[in-house]
Amino acid sequence: MNKRKLTLLGSCLMMAVAAWATEKNLNGPDGRLSVTVTDEGGKPAYSVTYGGVPFLMESPLGLETNLGDYTTGMSLAKVSEVEALSDSYYLPNIKQSHVDYRANRQVFTFSKDGKAIYDVEFQVSDNDVAFRYKLYQQGDTRSCVIRREATGFVMPEGTTTFLCPQSGPMGGFARTSPSYETSYTADDAMGKNGWGNGYTFPCLFRNGDQGWTLVSETGTDGGYCGCRLLNVEGGEYAIGFPQEGEMNGLGSVTPGIPLPGMTPWRTVTVGETLAPIVETTVAFDVVKPKYKASQTYAYGKGTWSWIIGMDGSTNYDTQKAYIDFSAAMGYQSLLIDALWDQQIGRERIAELAAYGAKKGVALYLWYNSNGYWNDAPQSPRGIMDNAINRRREMAWMKSVGIRGIKVDFFGGDKQQTMQLYEDILADANDYGILVIFHGCTLPRGWERMYPNYASSEAVLASENLHFSQGSCDAEAFNACLHPFIRNTVGSMDFGGSALNKYYNDKNEPRGSRRVTSDVFALATAVLFQSAVQHFALAPNNLTDAPAWAIDFMKQVPSTWDEVRFIDGYPGRYVILARRSGDRWYVAGVNAQKETLKLKVRLPMLAGADGLKIYRDDKSLNGSVKTLKLNKKQEAEIEIPANGGVVIVR
């Protein structure tokens, strides 16, 4: 057969394969968001459009396991009927306390050589796509190792990125990385791979003038690993598993699951504006509680000496003074940070807990997560990684009335690390203890999955403001990113809102200097969502900070019922509105060099009398005045560089 005939035969075969390809569409309830699933060329794939505009081009699906490669040679063998989902739930510790979730669900079954291998379950709401794999049992084989996910996200040409690079393993302080504590790049081009290790979730993309796309994952527990996003080439990004060196090389980078078994959810949120990104609840919509709460958990505000006074402040007298400070602020808790076991001791911690209880102030205690996989010297060590030690310690905590723990220095996303997170949470629930994680991974739906989960750091947080003037200089830039990226999918324990001019316990002109205004500090108390907030305030602020600022910080809530995007652009400025009960807080900050001048429409404040506006002059001197909206429910606001604004109904 000559070359021409071979070419003709090949073309005919390709057309035949294309003719056999199956293509199915699933739309959201309002019909604007649409997912197309196909098996063209034997390769499972999907794409996403919104209002007919492509937001994800044809992107790969599939899994490669130790049982076979299920990324090619696949057929879309079966498609279920569309099921309309409806779920209403109440969750007091996220951005919107009452959620009515509506979505359309459809299951796509892919087979190979006539055998059903896995389902891809899609749930599509008005602005969110969530999907996961269900692998079938193959013969008598009841488990498998997933070596690779082909799952990809192909962005349209011209898309720009707002991404946080994943750090390499066993780097940073005492070899504790990765810990999701790196700086974002904003408005960057596609085709890069961070520092060579991809990017941490969530990942934000701008589809030119068409809108925005947020990619993340949710539902990850001890049955899988935490994942990252890797650039394949150009506009194609793919799911990546943890790095080999994480946890000092201990544990596998590939997750193992039982058969039949599920993977976590991959989520894609799209919108013509940033409102669907800021307001999404998809991380919680598609997961369920893993156990019942052992009690009704109390969230709230607290103080924290370490951010200002560092390790030396972890002593009995200072912590007693901070209990008094919390009580004076009307706060519910005090976080006692590292080295308390050495510098205070358990007996005197019990004394502090009893003293705090009389004043309505409960204690959170800091713990090192480990005893062997990194070099972090801070104690207590060797407790949280061992079930026997952990439960014994938690029994003691319950006996003296400790409210919660802050567990630090995890440094990895391997499946065994995810299992450690889950084990700590489950054991803590047995003893009625709330859990905050630091030096840690991104929370992935954990507020709903684990009733005693409080918050996670997973961000370049306030401690860096103490350590680095460069971080202080970039504070406004970062604050204008987090509401659009990190804080969209989970609680963020930033530990900020400092009113000291300098990050030291004397508030003297030494060390790093805050360049943002006092109103900026108030605004971030609203902008950064976390049901438990330990603010970077200090007892001296009762006398050296403006009275209006202290009064605001006494009253600002830490739990919210609703959030609305007002205006903003990642890295430049942000204005959001949050509601607690019947009271609205509108907060904004500006990272641009020029003063931001805007006329914003605030219908949620319509008809309200006695509106207060906290604002800065051009020299960042703050004040509080009354405000009245015009007949169009609008307010004119000005925010200088590094300044803020807050309007309170």
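Annotation note: of Asp337, Asp341, the sole residue that is among the acidic types (Asp, Glu), under 23 Å from Gly439 (Cα atoms) and touching a residue at least 60 places away in the same chain (Cβ under 8 Å) is Asp337.
Among the residues making up the range 454-486, those that are farther than 17 Å from Ile307 by Cβ, in contact (Cβ under 8 Å) with a residue 60 or more places away in the chain and not hydrophobic (A, V, I, L, M, F, W, C) are Pro483, Arg486.
For the range 609-626, the criterion of being outside the structural domain of Glu272 (by TED's automatic domain parsing) and at pLDDT below 95 is met by at least one residue.
The one condition from (1) at pLDDT 95 or above; (2) in a helix (DSSP H, G or I); (3) surrounded by fewer than 22 Cβ atoms within 10 Å (Cβ to Cβ) that Val278 does not meet is (3). Residue count for the range 269-327 under the criterion of being aromatic (Phe, Trp, Tyr) and under 24 Å from Asn504 (Cβ atoms): the result is 5. Please state which of the following conditions Glu244 fails to meet, knowing it meets all the rest: (1) in contact (Cβ under 8 Å) with a residue 40 or more places away in the chain; (2) crowded, with 20+ Cβ neighbours inside 10 Å; (3) out of contact with any helix residue (DSSP H, G or I) (no Cβ under 8 Å at 6 or more places or on another chain). Failed condition: (2). Confirm whether Ser167 is outside the structural domain of Gly439 (by TED's automatic domain parsing), free of Cβ contacts under 8 Å to residues at least 40 places away in the same chain, buried (at least 20 other Cβ atoms within 10 Å of the Cβ) and more than 30 Å from Leu26 (Cβ to Cβ). Criteria met by Ser167.
Annotation: of all residues in the range 108-139 being within 18 Å of Gly219 (Cα to Cα) and either β-branched (Val, Ile, Thr) or at pLDDT below 95 (or both), the one that is surrounded by the most Cβ atoms within 10 Å (Cβ to Cβ) is Val129.
In the range 540-552, the residues that are within 15 Å of Ala523 (Cβ to Cβ) form no Cβ pair under 8 Å with any partner that is modelled with pLDDT under 95 and not in a helix (DSSP H, G or I), whether six or more places apart or across chains.
Here's the yes/no breakdown for (1) within 16 Å of Asp337 (Cβ to Cβ); (2) in contact (Cβ under 8 Å) with a residue 40 or more places away in the chain; (3) out of contact with any Cys (no Cβ under 7 Å at 6 or more places or on another chain); (4) among the basic types (Lys, Arg):
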| residue | (1), (2), (3), (4) |
| --- | --- |
| Ala362 | yes, yes, yes, no |
| Ser369 | yes, yes, yes, no |
| Trp373 | no, yes, yes, no |
| Asn386 | no, no, yes, no |
| Met397 | yes, no, yes, no |
| Gly404 | yes, yes, yes, no |
| Phe410 | no, yes, no, no |
| Gln415 | no, yes, no, no |
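Here is the figure for the range 604-649: residues that are among the charged types (D, E, K, R) and part of a loop (DSSP other than H, G, I, E, B) total 7.
Taking (1) at pLDDT below 95; (2) in contact with a helix residue (DSSP H, G or I) (Cβ under 8 Å, 6 or more places away or on another chain) in turn, Ser379 satisfies each apart from (1). Scanning the range 610-624 for residues being crowded, with 17+ Cβ neighbours inside 10 Å and touching a helix residue (DSSP H, G or I) at 6+ places or on another chain (Cβ under 9 Å) gives a total of 7. Screening Ala338, Ala293, Ala298 for residues that are crowded, with 23+ Cβ neighbours inside 10 Å and assigned to a loop (DSSP other than H, G, I, E, B) leaves exactly one candidate, Ala338. Quick one: Thr213 ticks every box in (1) at pLDDT below 95; (2) within 15 Å of Thr161 (Cβ to Cβ) except a single one, so which number is it? Thr213 satisfies all of (1) at pLDDT below 95; (2) within 15 Å of Thr161 (Cβ to Cβ) except (1). The test for being assigned to a loop (DSSP other than H, G, I, E, B) and within 15 Å of the chain's Cα centre (by Cα) holds for Ser179. For Thr49, are the conditions met, namely being surrounded by 18 or more Cβ atoms within 10 Å (Cβ to Cβ), free of Cβ contacts under 8 Å to residues at least 40 places away in the same chain and either touching an Asp or Glu at 6+ places or on another chain (Cβ under 9 Å) or hydroxyl-bearing (Ser, Thr, Tyr) (or both)? Answer is yes for this residue. Spot the failing condition for Asn386; the list is (1) within 21 Å of Leu250 (Cα to Cα); (2) surrounded by fewer than 23 Cβ atoms within 10 Å (Cβ to Cβ); (3) at pLDDT 95 or above; (4) in contact with a Phe, Trp or Tyr (Cβ under 8 Å, 6 or more places away or on another chain), and only one is missed. If we test Asn386 against (1) within 21 Å of Leu250 (Cα to Cα); (2) surrounded by fewer than 23 Cβ atoms within 10 Å (Cβ to Cβ); (3) at pLDDT 95 or above; (4) in contact with a Phe, Trp or Tyr (Cβ under 8 Å, 6 or more places away or on another chain), just (4) comes out false.
Evaluate the range 625-632: report whether one residue or more is in contact with a helix residue (DSSP H, G or I) (Cβ under 8 Å, 6 or more places away or on another chain) and under 24 Å from Pro546 (Cβ atoms). Scanning the range 625-632 turns up no residue that is in contact with a helix residue (DSSP H, G or I) (Cβ under 8 Å, 6 or more places away or on another chain) and under 24 Å from Pro546 (Cβ atoms). Which residue pairs have Cβ atoms closer than 7 Å, lie 6 or more positions apart in sequence or on different chains, and pair a first residue in the range 100-123 that is free of Cβ contacts under 8 Å to residues at least 40 places away in the same chain with a second residue that is of a type in the set (S, T, N, Q) and part of a strand (DSSP E or B)? As it stands, the answer is Asp100/Ser88; Arg105/Gln123; Ser111/Ser75; Ala116/Thr109; Asp119/Thr109, since those pairs meet every condition given. Look at the range 140-154: where a residue is buried (at least 16 other Cβ atoms within 10 Å of the Cβ) and a partner is in a loop (DSSP other than H, G, I, E, B) and among the small types (Gly, Ala, Ser), sitting 6+ places away or on another chain with Cβ atoms under 6 Å, you get Ala150/Gly62; Val154/Gly235.
Within the range 593-607, being surrounded by fewer than 22 Cβ atoms within 10 Å (Cβ to Cβ) and under 26 Å from Ser530 (Cβ atoms) holds for Leu596, Val600, Met604, Leu605.
Within the range 196-214, the residues that satisfy the criterion of being part of a loop (DSSP other than H, G, I, E, B) and touching a Gly at 6+ places or on another chain (Cβ under 7 Å) are Asn197, Gly198, Gly208.
Among residues of the range 570-586 that are hydroxyl-bearing (Ser, Thr, Tyr), those with a Cβ under 6 angstrom from a residue that is crowded, with 17+ Cβ neighbours inside 10 Å and assigned to a strand (DSSP E or B), sequence gap 6+ or separate chain, pair up as Tyr573/Asn590; Tyr573/Leu596; Tyr585/Arg578; Tyr585/Val648.
The values are calculated or read from the model by the stated rules, or taken from the named source; none is laboratory data. Owing to the predicted nature of the structure, the values given are computational and were not obtained by experimental measurement. No Cβ is skipped: glycine too gets one built from the backbone with ideal geometry, and neighbour counts run over all protein chains shown.
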